[in-house]
Structure formats: structure tokens, C-alpha cells
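Some notes on the structure that comes next.
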Amino acid sequence: MTKNIIVTGGAGYIGSHTVVELVESGFNPIIIDNFSNSNPKIIARIEKICKQKIKIYNLNCVDEKKLITNIPWNEVDGVIHFAAYKSVADSFKKKQEYFLNNIESTKILLNIIKKFNVNSFVFSSSCTVYGNPDQLPVTEKTKTKTPSSPYGETKKICEELIQSSEITNYTILRYFNPIGAHESSLIGEESKNTPNNLVPLICECAIGKRKNLTIYGNDYSTKDGTCIRDYIHVCDVAKAHVHALKNMMNCNLNHKTLNIGLSKGISVLELITLFEQNNNVNINYDFGKRREGDIEKIYADCSLAKKELKWKPKKTITDALIDAWNWEKEKNLLI
Ligand code: UD1
């Protein structure tokens, strides 16, 4: 029988790509999203890619009562929890809101999962839980630290809640830097807030929405002085969720915490150059001060995810940068 999977935040960036991958793998995704940071029009575009209708509940994940009364939890086989506030910069200004929204929604979902015996839970976490790591590449055994932002703190607290929750099966996925868009150019990063992340900002420069990009710091002790990150195509991140679900189905006590990255560290300058070369555009940039909370270097060892989930990234950084640029050009034309 087709398995019903609740996807909270399914209209968001990684959530929407995961909904598409779930359909392609024969699951029935059911979205919960209140569109606080996403565009309702994305649902029609997901349906266009999937060639089927997708059930959506416009609900807030901190409203336990409504979640329980509206959703047929007895028919739910798994939950993937993306719904969260995600801007690092914003989280310094709205710490309380970030804590309330991100932590409360996770607590509520854990209660519901226990109450209705939902088989599997996948949680959207981040490499931010490693703080400034002592060891590279980062493995799941690398010591976690106090994250450098309130957003990061919420992810670490949620991980701890899940690990002590006594639910039957969970997989915590610690993403590194998801970038790119679906190859159809029908879905991609489309937050309501002004972008803070590097690739959406590069795209806005390329299309002329902004004059230039400020690179935050060129005095780090890296090969060219700019920060190192592990960028991975969003569709590969989305696929990891499907692998995690399949891995947990029919299990009794399957608890995993896994890194999801490409396992390649590249600098901000290298990423900009790759974008320019592969998309045949020019990016104006200058160097500014370091950004508060930025980590100098971080990239993943993902051998555990590869072994446990039988997953591996299929797309390159170049694929991701081409898809990101195509999405930027298309998204303003979409209805
Ligand atoms: C951050 C979070 C990560 C979160 C992600 C998505 C940390 C350590 N990382 O990643 O957990 O999942 O956001 O919200 O909290 N850069 C510039 N100029 C810009 C923008 C960015 O130089 O205008 C640089 C940054 O300094 C950084 C790199 O680009 O070195 C990537 O930045 P960004 O895309 O914002 O992601 P992270 O900060 O790595």
C-alpha cells in the first residue's frame, strides 16, 4: 500500500524538492505549511512536476489542537519535519520567536508521533551543530559545540529532544550547504525574506537585481582567504530523505544521525568563479568584513550516510550552479 508521509514545510526550499522525490519513489506526500516564508503558488508547480494532486493542510505546526483534529494521523506512516524559521541573521534579532517556533513544533510532532504510533521521523538539521569544528572533514563523531547563532541553537536543542524522545525510528539529517534548484526550473529557493545565503545572492547579482556581492572576509586562513563550505545539490539532499524513510520502514528501533553533503570543501571565491564560468555571466564583488557567526572552514565526511542509507550524491556543484541560474531566470516569469 502507498505510504502516507507528512511533510511539514513542504512548500519551502528543501521541502518542495523532497515532496517531488517522494512522489517519484511511490510515496504519498501530504504537506503541512502555513506559507509564512513560502509562495502558495509553489503547490501548483510541484503538482505540474509530479503530474498529480498533492494534499496540503494550511496549518501552523505549533498549533497542536488543529494538527490533531485536522490530520488523519492513524493513516500516517512517516513525518519529515522541515517547518522552521531558518535565517541565521534574523535569529539574532528574534531569538525568542526562533526558539518558540522551531523547538515547540518539534516537541508537538514528537508527542503526536508517539501518541499515534507513526513509524518514522526524519528531522531537518544542519552542520551548524558542529560550531567551529576542531577536526575536518566533520564526521558524526566530531564533537558538537554551541552553534554560533540562535537558529543553530534551536537545531541542536531539537536534535537532543529527538534523541531523548523514545520514538521508534528517527533519522536526523545534518545538511551542509544545499544549493541549486529542480532541473525543471519550476521550483527552487523562493523565500519571502531577502536572501542571506550565498547562491541566491550570486543569482540576484547575475540577473541585475543587485549591483554587487560583498564577500564576507578575505583574511581567513584558507587558500584564498575566503570561507570554505560543502555545497550540495538540493535534489541530492531531498533524495537522502527518501532513502532515510525507506531505511526505517518496518524497523523497530532505528536511530540515526547523519551528515548530508558532497564532501568537497570549496571557497566562496571558487564558487563565484565556477558560477561565472558555467553560466557565462559576470559577478561584481567586493570584500567586506567577516560576518558574525561565520565558520572559517567546514565540510563533511558522508561515508556513514552512504553506507547506512545506500545514498550518494549524483549531481555536481556545477550542475547545482547551472540549475540555480536557470531557476533565477525562470522564476519571475512563472505564474
Ligand atoms: C548557514 C548556516 C547553516 C544553514 C544555512 C541556511 C551556520 C554556520 N550555517 O550556512 O546552518 O543551514 O545558513 O540558512 O550557521 N557569504 C558571503 N557573502 C554573502 C553571503 C554569504 O561572502 O553575501 C559567504 C559566507 O560568509 C559563507 C558562505 O558565503 O562563507 C556561505 O554562506 P551562506 O550561504 O549564508 O551559508 P552558511 O552561513 O554557510
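The values are calculated or read from the model by the stated rules, or taken from the named source; none is laboratory data. In this text the structure is predicted, and so the values were computed from the model without any measurement. Please note: Cβ atoms are built from the backbone with ideal geometry, for glycine as well, and neighbour counts cover all protein chains shown. Side chains are part of the model used for accessible areas, which takes the heavy atoms of the whole protein and leaves out ligands, DNA and RNA. Shrake-Rupley method; radii C 1.70, N 1.55, O 1.52, S 1.80 Å.
Being open to solvent by 60 Å² or more (accessible area, probe 1.4 Å), under 29 Å from residue 39 (Cβ atoms), part of a helix (DSSP H, G or I) and not hydrophobic (A, V, I, L, M, F, W, C) is a condition met by at least one residue of the range 272-282.
Where residues in the range 24-53 are more than 12 Å from residue 112 (Cβ to Cβ) and of a type in the set (Val, Ile, Thr), which of them is surrounded by the fewest Cβ atoms within 10 Å (Cβ to Cβ)? Walk me through how you get there before you give the answer.
Let us first name the residues in the range 24-53 that are more than 12 Å from residue 112 (Cβ to Cβ), namely 24-31, 33-53.
Next cut, of a type in the set (Val, Ile, Thr) only: 30-31, 42-43, 46, 49.
Numbers: 30: 22, 31: 26, 42: 24, 43: 21, 46: 25, 49: 18.
Selected residue: 49.
Being among the hydroxyl-bearing types (Ser, Thr, Tyr) and under 27 Å from residue 78 (Cβ atoms), is that true of even one residue in the range 238-257? Show your work before the answer.
So in the range 238-257, the residues among the hydroxyl-bearing types (Ser, Thr, Tyr) come out as 257.
Imposing the further condition that a residue be under 27 Å from residue 78 (Cβ atoms) reduces the set to 257.
Yes.
The single condition among (1) in a loop (DSSP other than H, G, I, E, B); (2) among the acidic types (Asp, Glu); (3) without any contact (Cβ under 8 Å) to a residue 12 or more places away in the chain that residue 294 does not meet is (3).
Can you pull out every residue in the range 195-217 that is more than 9 Å from the ligand (Cβ to nearest atom), assigned to a loop (DSSP other than H, G, I, E, B) and on the phi < 0 side of the Ramachandran plot? Let's see the steps before the verdict.
The initial filter retains those residues of the range 195-217 that are more than 9 Å from the ligand (Cβ to nearest atom), namely 203-212.
From what is left, the residues that are assigned to a loop (DSSP other than H, G, I, E, B) are 208-212.
Within the range 195-217, 209, 210, 211, 212 meet the criteria.
Looking only at the range 36-81, how many residues end up being modelled with pLDDT under 95 and in contact with a Pro (Cβ under 7 Å, 6 or more places away or on another chain)? So the answer is 0. Within the range 13-38, residues that are of a type in the set (Phe, Trp, Tyr) have Cβ atoms under 7 Å from residues that are in a loop (DSSP other than H, G, I, E, B) and buried (at least 21 other Cβ atoms within 10 Å of the Cβ) in these pairs: 13/189; 35/11, counting only partners at least 6 apart in sequence or on another chain.
Quick one: count up the residues across the range 54-87 that are within 23 Å of residue 163 (Cβ to Cβ), outside any loop (DSSP other than H, G, I, E, B) and open to solvent by 40 Å² or more (accessible area, probe 1.4 Å). Spell out the reasoning first.
Going residue by residue through the range 54-87, those that are within 23 Å of residue 163 (Cβ to Cβ) are 61-62, 64, 67, 73, 76-86.
Next, from what is left, pick out any that are outside any loop (DSSP other than H, G, I, E, B): 64, 67, 73, 78-81.
Filter again for open to solvent by 40 Å² or more (accessible area, probe 1.4 Å), leaving 64.
Matching residues across the range 54-87 total 1.
Inside the range 250-266, can you point out the residues that are within 16 Å of the ligand (Cβ to nearest atom) and either touching a helix residue (DSSP H, G or I) at 6+ places or on another chain (Cβ under 9 Å) or free of Cβ contacts under 8 Å to residues at least 40 places away in the same chain (or both)?
Going residue by residue through the range 250-266, those that are within 16 Å of the ligand (Cβ to nearest atom) are 257-266.
Passing the criteria: 257, 258, 259, 260, 261, 262, 263, 264, 266.
If you go through the range 108-130 and pick out every residue that is more than 21 Å from residue 252 (Cα to Cα) and part of a helix (DSSP H, G or I), you end up with 5.
Near the ligand (Cβ under 8 Å from one of its atoms) and surrounded by 19 or more Cβ atoms within 10 Å (Cβ to Cβ): does that describe residue 227? Break it down stepwise before answering.
Details: near the ligand (Cβ under 8 Å from one of its atoms): yes; surrounded by 19 or more Cβ atoms within 10 Å (Cβ to Cβ): yes.
So residue 227 passes the test.
Based on this model, can you work out whether residue 144 counts as touching a Lys or Arg at 6+ places or on another chain (Cβ under 7 Å), open to solvent by 30 Å² or more (accessible area, probe 1.4 Å) and part of a loop (DSSP other than H, G, I, E, B)? Lay out the reasoning, then the answer.
On the way: touching a Lys or Arg at 6+ places or on another chain (Cβ under 7 Å): yes; open to solvent by 30 Å² or more (accessible area, probe 1.4 Å): yes; part of a loop (DSSP other than H, G, I, E, B): yes.
Yes; evaluated as a whole, the condition is true for this residue.
The rows are residues; the columns are (1) modelled with pLDDT under 95; (2) more than 19 Å from residue 81 (Cα to Cα); (3) touching a strand residue (DSSP E or B) at 6+ places or on another chain (Cβ under 8 Å).
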{"site": "136", "(1), (2), (3)": "no, yes, yes"}
{"site": "139", "(1), (2), (3)": "no, yes, yes"}
{"site": "146", "(1), (2), (3)": "yes, yes, no"}
{"site": "149", "(1), (2), (3)": "yes, yes, no"}
{"site": "153", "(1), (2), (3)": "no, no, no"}
{"site": "159", "(1), (2), (3)": "no, no, yes"}
{"site": "164", "(1), (2), (3)": "no, no, no"}
{"site": "167", "(1), (2), (3)": "no, no, yes"}
{"site": "170", "(1), (2), (3)": "no, no, yes"}
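Residue-by-condition table, conditions (1) away from the ligand (no atom under 14 Å from the Cβ); (2) in contact (Cβ under 8 Å) with a residue 12 or more places away in the chain:
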residue	(1), (2)
146	no, yes
160	yes, no
163	yes, yes
170	yes, yes
174	no, yes
178	no, yes
182	yes, yes
187	yes, yes
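Within the range 99-144, the set of residues being within 12 Å of the ligand (Cβ to nearest atom) and farther than 21 Å from residue 240 by Cβ comprises 131, 132.
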